[in-house]
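Some notes on the structure that comes next.
The values are calculated or read from the model by the stated rules, or taken from the named source; none is laboratory data. Every value quoted in this text rests on a predicted model; they were computed, and no experiment measured them. Quick reminder, even Gly has a Cβ in these numbers, built from the backbone with ideal geometry, and neighbours come from all protein chains shown.
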């Protein structure tokens with residue numbers, strides 16, 4: 001860079017006229033108006049020395065300059081030479097813009113030395129030479145100012161910039177340590193206008209890259225509209241750093257809209273450098289978090305064990321009522337068939353109604369169906385089917401999780417190498433780095449998912465150890481298929497892993513990492529809830545994960561091309577699936593959608609409807625029908641809202657669809673349970689209340705977003721907010737903790753919801 005500037009300066013000297021240059025002993029802060037120049041003579045302005053605590057800034061204006069005969073400006077000082085021309089052409093997506101004035105700050109090469117040792121030595125004054133190739137006189141105005149360009153921590157500064165008039169300032173980390181941590185600082189920027197600008201943080205060495213074509217060459221940089229911030233560590237800039245501000249030629253980099261700017265490109269901004277949190281703040285936040293989780297472990301495990309000992313009878317035949325015990329032993333009683341040990345355990349051999357030994361017409365004609373009608377398969381078959389879910393989740397976790405971790409680590413390395421802060425959508429006002437990780441707090445706050453997932457697995461294992469009486473398990477209570485519970489616990493752990501991976505570098509391309517296992521959790525909860533009353537006819541792990549694969553594919557397509565046509569197509573698919581699932585739930589899973597469906601509907605209409613319309617239209621299960629209609633109405637409302645707000649991000653909407661339907665099915669199950677005179681014991685009721693409280697609070701904090709990846713990086717920074725708890729966590733971190741706790745409580749509610757039926761004969765447990 002120095003060599004090229006020297007060459008330009010020498011060329012200017014060689015190409016100037018033979019007449020000696022006009023030399024002026026100039027002074028600072030004086031305006032040299034109406035300076036006339038042509039190709040016959042070069043103007044040279046020599047300025048006196050000045051103190052090291054200030055910097056010199058050259059301002060020049062030329063209204064009559066043209067691109068054919070531009071005004072050439074060369075400024076030299078000590079070890080730096082700057083050269084530029086007027087008019088200054090700034091390129092942008094909307095086209096080139098010409099600026100007839102500009103200002104450049106000469107980099108003080110001794111700045112770090114002055115700031116470190118307080119030397120009062122003088123700087124050599126700048127020399128500014130002006131020339132042109134124009135034969136006609138050109139008028140220009142020149143002024144060189146001395147400005148204070150040193151930033152103090154905690155002090156607010158105002159400045160004005162344009163694309164042709166950049167400003168930069170120097171900051172040095174204080175040597176004296178205080179309670180505040182000056183090893184890491186946060187640069188906060190605010191503005192009241194929408195003019196797009198570029199902010200760069202560069203090392204304390206000359207030259208400073210302060211033009212739009214080279215500002216990205218060094219250090220960190222980001223686009224800013226009204227609000228911005230960067231966390232800066234002394235480890236990366238041990239001798240201090242320059243903060244550079246320059247306005248863009250248009251706003252396309254900030255708002256994504258390419259249009260010719262109509263207003264002035266001058267931008268007024270305010271900035272301040274604040275200390276970040278200290279090492280002790282890191283330790284306190286992490287320590288308090290770990291302590292709270294440990295306390296939660298102790299309280300929840302203790303409560304679960306006490307409830308199990310006090311409120312739950314052991315699931316063994318010795319604790320069954322004598323009357324029920326005699327019923328099981330009666331030859332005429334309904335019992336599960338006996339199976340020998342050599343029987344094939346291939347689950348596909350037992351998935352039809354005929355092979356289950358039940359007549360389809362009898363089942364469909366019953367007004368009340370009991371669990372004994374749908375729990376006739378060998379428990380070993382059902383256990384194997386249930387364990388398939390666990391193995392599928394583990395397989396998906398490994399093959400999906402490892403590439404995700406590798407990718408986000410690569411993202412982080414690219415961010416560190418290029419300095420492109422627009423690559424990751426951080427909450428820059430509450431993003432605390434640790435090592436190579438730029439946003440450790442949002443990564444660490446996902447520990448709740450992992451720890452509560454592990455806790456759920458431990459409690460499920462303890463409960464499974466209590467169920468060892470095979471005779472009891474065949475005749476009493478809801479079939480306990482623990483493979484699905486383990487799969488749900490592993491899914492919660494993987495949600496923490498993938499959400500943490502997403503927060504290493506959150507952006508539009510990898511948001512799917514954060515939501516994929518939310519789909520898995522929602523679907524597994526529905527499958528498990530359905531399995532409790534329909535153990536023989538539940539969905540297989542293969543079909544369940546095929547549905548999840550489609551959901552993830554739709555999420556990917558929706559992120560990249562969520563236009564109105566896609567939204568309409570998805571809505572049709574969404575509502576169609578709702579109708580199919582409604583029929584499955586209403587007819588206990590014995591309704592099939594195949595080629596003969598239309599023929600069967602026509603036969604019912606042709607024969608049964610005309611024979612007795614009232615008997616056909618009157619539902620066989622009124623309460624179930626009412627709840628399913630309400631559920632469909634809720635999905636219709638969700639679909640209408642999605643179409644109306646189709647410009648919102650599709651991925652979040654898809655998560656909402658899954659979660660809302662999971663909650664609707666929970667509500668359906670609980671209402672049907674109560675309508676059949678079953679009761680909810682204190683333990684699941686407590687879990688239910690706690691999960692609702694956590695869900696409401698979590699949704700509140702989730703709605704107060706600190707980033708929004710569906711917009712540009714500059715627009716996302718307008719949502720940035722300062723830390724709210726322990727100077728370490730923001731609202732999104734709180735959402736992580738509350739959602740993890742809320743999901744754990746909902747899992748525990750599912751695990752204990754039917755404990756009131758633990759010693760009830762399956763011939764007395766209704767199916768719904």
From the list 438, 445, which one is crowded, with 21+ Cβ neighbours inside 10 Å, under 30 Å from residue 488 (Cα atoms) and touching a strand residue (DSSP E or B) at 6+ places or on another chain (Cβ under 9 Å)? 445
Examine segment 719-732 for a residue that is in a helix (DSSP H, G or I) and closer than 30 Å to residue 552 by Cβ, and state whether such a residue exists. yes
Where in segment 481-571 are the helices (runs of 4 or more DSSP H), entirely inside, with at least 1 residues that are in contact with a helix residue (DSSP H, G or I) (Cβ under 7 Å, 6 or more places away or on another chain) and at pLDDT 90 or above? 482-504, 511-533
Looking at 225, 264, 252, which one is more than 31 Å from the chain's Cα centre (by Cα) and either modelled with pLDDT under 90 or over 19 Å from residue 418 (Cβ atoms) (or both)? 264
Within segment 643-655, identify whether any single residue is over 28 Å from residue 575 (Cβ atoms) and touching a helix residue (DSSP H, G or I) at 6+ places or on another chain (Cβ under 8 Å), and answer yes or no. no
Selected residue [closer than 26 Å to residue 197 by Cβ, surrounded by fewer than 21 Cβ atoms within 10 Å (Cβ to Cβ) and at pLDDT below 80] from 156, 112, 116: 112
Out of (1) modelled with pLDDT of 85 or more; (2) touching a helix residue (DSSP H, G or I) at 6+ places or on another chain (Cβ under 6 Å), the one residue 58 does not meet is (2)
For segment 444-462, indicate whether the set of residues that are outside any helix (DSSP H, G or I) and within 30 Å of residue 725 (Cβ to Cβ) is non-empty. yes
Residue 658 passes all but one of the listed conditions (1) surrounded by fewer than 19 Cβ atoms within 10 Å (Cβ to Cβ); (2) touching a helix residue (DSSP H, G or I) at 6+ places or on another chain (Cβ under 6 Å); (3) more than 24 Å from residue 622 (Cβ to Cβ); the exception is number (1)
Using the structure shown, decide if residue 243 is over 20 Å from residue 713 (Cβ atoms) and outside the structural domain of residue 98 (by TED's automatic domain parsing). no
Among the residues in segment 664-674, are any out of contact with any strand residue (DSSP E or B) (no Cβ under 7 Å at 6 or more places or on another chain), at pLDDT below 90 and closer than 23 Å to residue 555 by Cβ? yes
